[in-house]
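What follows is calculated from the coordinates using simple rules that are stated; it is not laboratory data. Quantities reported herein were computed from a predicted structural model and do not represent experimental measurements. Every residue, glycine as well, gets a Cβ built from its backbone with ideal geometry; the counts of neighbours run over all protein chains shown.
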Amino acid sequence: MVFISYSWDSEEHGKRVERLVKLLRRSGVQVVWDRDMALGKRIPSFMEESLQTCDQALFICTPRYKSKADERDGGVGYETNVITGDVFRNHNDMKYIPVLFEGDWDSALPVWASGKLGADLRQESMREYEKLLDALGGREEAVFPPARREVPEDEPEEEPEPPEEPAGPEERRALEQVYGELLELKAWLVRLEYTENGGMRDPGGAEEEADGRTETLDALKETYDFLLKKETMDVLEAFLRRWQDFMYLYVNFERVAEAEPARLAEWEKKGRLARMFSAKPDVRGAMRSRYREVKDACNSALTAITRRLG
């Protein structure tokens, strides 16, 4: 169970926290926060019980949150007392994970948490969200930003590309629809679990719903091809290709894993299996590769759309 600690900065801030809660729950994370509190329950008791019984806690960092935590003001101040007492007694500092929503780490991270690494969700980056999920669930294959290339001193600087014109209202509406479908698919992907034999499964059994979303996504791409920029179309097509390969193996994993060598040799000569295997199939390795590839392709598409939306 994951507890959410945050300050009441504004109505919009509360909605952003609510979006994070919903996204975590769709990703299979059990979340508790103050809006779950039963009528008649005492707020201090709810805070204490939640912080003591949760496995991990996220604290949403903003300059106002830092001020309240440092000054031990209000509900945030009370939670800070409980947290610091828990850390002091039980030495479980890793239980508490900072999530940056506003400002920067210097202006938004409470003094008690100085030096902690956290997730930067100021731009609601799916790459940062994936890192947060890895920290919460101990998931494999954490996604990190690519390392920056060191440019030699004698290498000429590249000419900056001229800025694109911002998306107009019609394009924005199309992008928002596409983004929504992609985000739901990403939430489904990160919810998957590996099985004992190396396959994958959805604990919620929502495979058909996810596949239906890809059909919707493909239809949106074809419908709005006159509005969407080439970069957007390219990343969507790349994602849909990766999705088809992944789902083919996802659905057929048991059949491929248990097939006789002669049957495998026949399959390797045609169709998607020919692209996946060059010799006797390493089915486990193929599943992990296809899973990484489809997540990366989804991240790339979400990033491109986010950049286009500004």
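Things worth noting here:
- Loop-located chymotrypsin sites (Phe, Trp or Tyr not before Pro) in region 88-129, at most 15 other Cβ atoms within 10 Å (DSSP): none
- Sorting the segments 76-83, 284-291, 8-15 by their residues' average number of neighbouring beta-carbon atoms within 10 angstrom, most packed first, yields 76-83, 284-291, 8-15.
- Rounded to the nearest 20, the size of the Cβ-charge dipole of region 1-144 about its Cα centre is 300 debye, with Lys and Arg at +1 and Asp and Glu at -1.
- Computed about its Cα centre, the charge dipole of region 190-249 is approximately 240 debye, with only Lys, Arg, Asp and Glu carrying charge at their Cβ.
- For the listed residue pairs LYS131/LYS221; LYS41/LYS95; LYS66/LYS95; LYS22/LYS230; LYS15/LYS229; LYS95/LYS295, the alpha carbons are over 20 angstrom apart in LYS131/LYS221; LYS41/LYS95; LYS22/LYS230; LYS15/LYS229; LYS95/LYS295.
- Length-normalised contact order for region 157-239 - Cα pairs under 8 Å, 6+ apart - percent: 32
- Sorted largest first, extent of region 1-86 alpha carbons per principal axis (Å): 35, 27, 25
- Taking other residues whose beta carbon is less than 12 angstrom from the beta carbon of GLN123, and scoring Lys, Arg as +1 and Asp, Glu as -1, yields 0.
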